[in-house]
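Trainee: One structure follows; several queries about it will come next.
The values are calculated or read from the model by the stated rules, or taken from the named source; none is laboratory data. Values in this document were obtained by computation on a predicted structure and should not be read as measured data. Reconstructed Cβ throughout: ideal geometry from the backbone, glycine too, with neighbour counts over all protein chains shown.
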Amino acid sequence: MRLGLATLTLFLSAACGRSNVLPDGGRVLENCSIGANVVVVTVLDAQGAPVAGATVTAVNSASGHTVSATTNGSGITTGIDESVGEGTSLVTATSGSRTSNAGEVVWTCDPCHCTPSPAQLTVSLGP
């Protein structure tokens, strides 16, 4: 039986148990590191104390894609990652009825990952 090149490539990819192409159809991952880049977000209350359990939300301004995470006991989250997508994202926090100011993070992407600028952001909840 003769296998075509496309069939053979598909078979070898399946046999190896991994694919080196992202679902978007073309970015090769052979030289990419594993793991996502994150922005470290600190949430403070009006008095400057860290807020545990605050919900932090990043919304990509162009696509509307949203990523949310919760702060730890030190008022910090590393749950806002590059999956929010390339471009500008507005980051806010809420805790109860209090909402923070909006911070801005710009994600710049290469074929492997997106990198945030700034890499750390602090937002403060209103009274």
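Here is a yes/no grid of residues against (1) over 19 Å from A49 (Cβ atoms); (2) among the small types (G, A, S):
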position: T78; (1), (2): yes, no
position: L90; (1), (2): yes, no
position: S95; (1), (2): no, yes
position: E104; (1), (2): yes, no
position: P116; (1), (2): yes, no
position: A119; (1), (2): yes, yes
position: P127; (1), (2): no, no
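Trainee: For N31, indicate whether it is assigned to a loop (DSSP other than H, G, I, E, B), modelled with pLDDT of 95 or more and not aliphatic (A, V, I, L, M).
Mentor: no
Trainee: If you don't mind, another one. Between a first residue in segment 64-75 that is under 15 Å from V105 (Cα atoms) and a second residue that is in a loop (DSSP other than H, G, I, E, B), which pairs have beta carbons less than 6 Å apart while being 6 or more apart in sequence or on different chains?
Mentor: H65/G85
Trainee: In segment 91-127, how many are without any contact (Cβ under 8 Å) to a residue 40 or more places away in the chain and over 14 Å from V40 (Cα atoms)?
Mentor: 8
Trainee: Just checking, does segment 46-67 include any residue being at negative phi, at pLDDT 95 or above, exposed (fewer than 14 other Cβ atoms within 10 Å of the Cβ) and assigned to a strand (DSSP E or B)?
Mentor: Yes, segment 46-67 has at least one match.
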